[in-house]
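Asker: One structure is given below, represented as structure tokens, and several questions about it will come after.
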Amino acid sequence: MDFQVVVLAGGTSTKLAPLVSKDVPKSLLPVANRPVLSYVLDLLEQSNIKDLIVVVEGEDTEGLVENWISEAYVDRLHVEVASVGEEVGTAGALRAIAHHLTASDILVVSGDLVCDISPGAVAAAHRRHDAAVTALFCAAPISGPTESGTSSGKDKTKKPVRHNIVGLDLTQQFLLYIAAGMEVEKDIKVQKSILRAVGKMEIHADLMDAHLYAFKRSVLQQVLNQKQTFRSLKQDVLPYLVKSQLRSEILLNGAQAEENGNEDNYNTDKVMLSQLLANASTPSFHEVYALGPNGFSPAERKTHKCCVYIANKTKYCARLNSIQAYSDINRDVIGDASHLSGCTFSVHNNVIHPSAVLGSKTTVGPQCMLGEGSQMGDKCSVKRSVIGRHCRIGSNVKIVNSVIMNHVTIGDGCSIQGTIISSNVQLQERALLRDCQIGAGYVVAAGSEHKGELLRK
């Protein structure tokens with residue numbers, strides 16, 4: 001595949017505090033006992049992509065990621081790790097490494113993506129349509145409480161999730177409209193010129209932008225150069241390309257809208273999305289939106305294509321971009337998406353490392369993972385949980401719907417439910433945790449009870 005591949009792996013995301021730190025950046029956060037970045041690298045390797053650039057924020061993160069990749073992927077991948085400033089955004093990161101980009105097409109992948117969708121399929125669609133950009137969209141993942149009715153984090157109950165609002169042509173190949181983030185809750189305007197051009201447009205609110213994009217390099221670099229304020233691919237670059245596709249500014253070397261038509265006409269050539277949805281089933285819908293500004297069709301303009309690749313609903317696709325997502329993805333990778341784990345599950349539908357030690361009458365149920373060198377005392381119970389490497393767990397400990405990272409010590413009689421525990425944490429005897437997140441190195445006092453708390457040093 002003649003694409004240059006860039007993985008945007010970030011740094012220490014504030015959204016994932018207290019789980020991430022300078023010692024464990026987001027890209028190395030363990031999911032089912034291996035760094036989340038490994039899921040993207042394995043996916044690219046499976047697509048026969050061997051050369052890539054991994055972009056991280058900060059020199060400390062660069063060193064950690066570079067060391068890990070050199071050990072985990074020696075003789076498998078050729079990876080150049082590049083560091084950029086912190087908080088520059090995804091567009092800023094690409095702007096900073098622009099001198100490394102030389103291929104005609106660039107495949108940009110988020111380092112927190114966990115999926116089984118072939119990047120090659122997105123690249124093929126991009127080339128087939130000769131698109132300026134092609135974006136991968138998938139069904140929005142299910143998030144919220146687990147089977148026991150508890151979830152990690154403070155949001156115990158399911159809440160409405162803010163999705164993208166996406167407009168597609170009837171073949172679901174071309175991206176005609178997109179609103180993301182806070183724009184979803186604003187009054188949203190749709191250009192009539194696009195509606196006139198396609199006749200009909202499907203509106204979707206159930207799709208997730210997977211942050212996997214194929215760009216024509218000349219287009220990407222021109223936008224990044226001309227729009228220095230753009231920080232985000234999702235929030236800035238992609239919406240800009242979609243909005244301008246019928247009056248392409250990127251092909252006019254920065255020509256402004258006035259050269260393509262009167263600015264007032266551009267403003268009047270829009271309608272409210274709520275009105276569009278309200279009128280979509282009425283006989284007059286086509287008549288209302290077929291009229292161009294000033295009653296006549298605009299002059300011919302240069303265009304560019306914005307395409308989409310919609311993943312099959314049977315595919316798994318999620319991004320680790322929140323505490324809740326971290327809990328959900330761990331649940332899925334040891335559950336329905338266990339094929340992504342890279343492990344062989346036993347006849348009991350769990351993974352217990354051969355070096356792990358279980359005490360008398362201790363049970364590790366289905367959809368569980370127990371890491372290398374970990375030890376559990378007598379009469380313990382583990383349900384739907386991940387336990388990392390070299391943990392020391394006492395007797396009569398109950399662990400449900402939780403993620404426990406590496407080198408954690410848990411005293412006798414502790415109860416842990418819906419909780420994420422970072423590495424090197426110590427729980428003294430009879431501690432009770434429910435729906436908490438514990439930062440690295442924290443000590444939970446004996447007999448203490450914590451519910452819905454964030455605990456860190």
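The values are calculated or read from the model by the stated rules, or taken from the named source; none is laboratory data. Just so it is clear, the model here is predicted, and its values are computed rather than measured. As a convention, Cβ positions derive from the backbone with ideal geometry for all residues, glycine included, and neighbour counts pool all protein chains shown. Just so you know, the surface numbers come from the protein's heavy atoms only, side chains and all, with ligands and any DNA or RNA stripped out. Shrake-Rupley method; radii C 1.70, N 1.55, O 1.52, S 1.80 Å.
Asker: Condition first: assigned to a loop (DSSP other than H, G, I, E, B) and among the acidic types (Asp, Glu). Now tell me which residues in region 402-457 satisfy that.
Answerer: Answer for region 402-457, where residues must be assigned to a loop (DSSP other than H, G, I, E, B) and among the acidic types (Asp, Glu): 412, 429, 435, 453.
Asker: Can you pull out every residue in region 101-116 that is surrounded by 14 or more Cβ atoms within 10 Å (Cβ to Cβ) and in contact with a strand residue (DSSP E or B) (Cβ under 7 Å, 6 or more places away or on another chain)?
Answerer: Within region 101-116, 101, 105, 106, 107, 108, 109, 110, 111, 112, 113, 114, 115 qualify.
Asker: Could you please let me know if residue 42 is on the phi > 0 side of the Ramachandran plot, open to solvent by 10 Å² or more (accessible area, probe 1.4 Å) and out of contact with any strand residue (DSSP E or B) (no Cβ under 8 Å at 6 or more places or on another chain)?
Answerer: No, not satisfied.
Asker: Just the residues that are open to solvent by 20 Å² or more (accessible area, probe 1.4 Å) and either under 17 Å from the mean Cα position of the chain (by Cα) or within 17 Å of residue 388 (Cα to Cα) (or both), please, taken from region 1-19.
Answerer: Correct list: 8, 10, 12, 13, 14, 15, 17.
Asker: May I pose another question? Output the residues belonging to region 197-247 that are assigned to a helix (DSSP H, G or I), open to solvent by less than 50 Å² (accessible area, probe 1.4 Å) and in contact (Cβ under 8 Å) with a residue 40 or more places away in the chain.
Answerer: 219, 220, 221, 224, 233, 234, 236, 237, 238, 239, 241, 242, listed by residue number.
Asker: Condition first: touching a strand residue (DSSP E or B) at 6+ places or on another chain (Cβ under 8 Å), of a type outside the set (Lys, Arg) and assigned to a strand (DSSP E or B). Can you find one or more residues in region 340-354 that meet it?
Answerer: Yes, there is a match, as at least one residue in region 340-354 is touching a strand residue (DSSP E or B) at 6+ places or on another chain (Cβ under 8 Å), of a type outside the set (Lys, Arg) and assigned to a strand (DSSP E or B).
Asker: Also, I was wondering about something else. Inspect region 48-69 for any residue being without any contact (Cβ under 8 Å) to a residue 40 or more places away in the chain, among the β-branched types (Val, Ile, Thr), out of contact with any Ser or Thr (no Cβ under 8 Å at 6 or more places or on another chain) and more than 26 Å from residue 352 (Cα to Cα) and give the result as yes or no.
Answerer: No, there is no match, as no residue in region 48-69 is without any contact (Cβ under 8 Å) to a residue 40 or more places away in the chain, among the β-branched types (Val, Ile, Thr), out of contact with any Ser or Thr (no Cβ under 8 Å at 6 or more places or on another chain) and more than 26 Å from residue 352 (Cα to Cα).
Asker: Let me ask another. Within region 299-319, can one find any residue that is in a strand (DSSP E or B), open to solvent by 40 Å² or more (accessible area, probe 1.4 Å) and at pLDDT 95 or above?
Answerer: Yes, some residue in region 299-319 is in a strand (DSSP E or B), open to solvent by 40 Å² or more (accessible area, probe 1.4 Å) and at pLDDT 95 or above.
Asker: Only one of 57, 62 is crowded, with 23+ Cβ neighbours inside 10 Å, over 16 Å from the mean Cα position of the chain (by Cα) and on the phi < 0 side of the Ramachandran plot; which?
Answerer: 57
Asker: Open to solvent by 30 Å² or more (accessible area, probe 1.4 Å), closer than 21 Å to residue 23 by Cα and in contact (Cβ under 8 Å) with a residue 60 or more places away in the chain: is that true of residue 384 in this structure?
Answerer: It is false that residue 384 is open to solvent by 30 Å² or more (accessible area, probe 1.4 Å), closer than 21 Å to residue 23 by Cα and in contact (Cβ under 8 Å) with a residue 60 or more places away in the chain.
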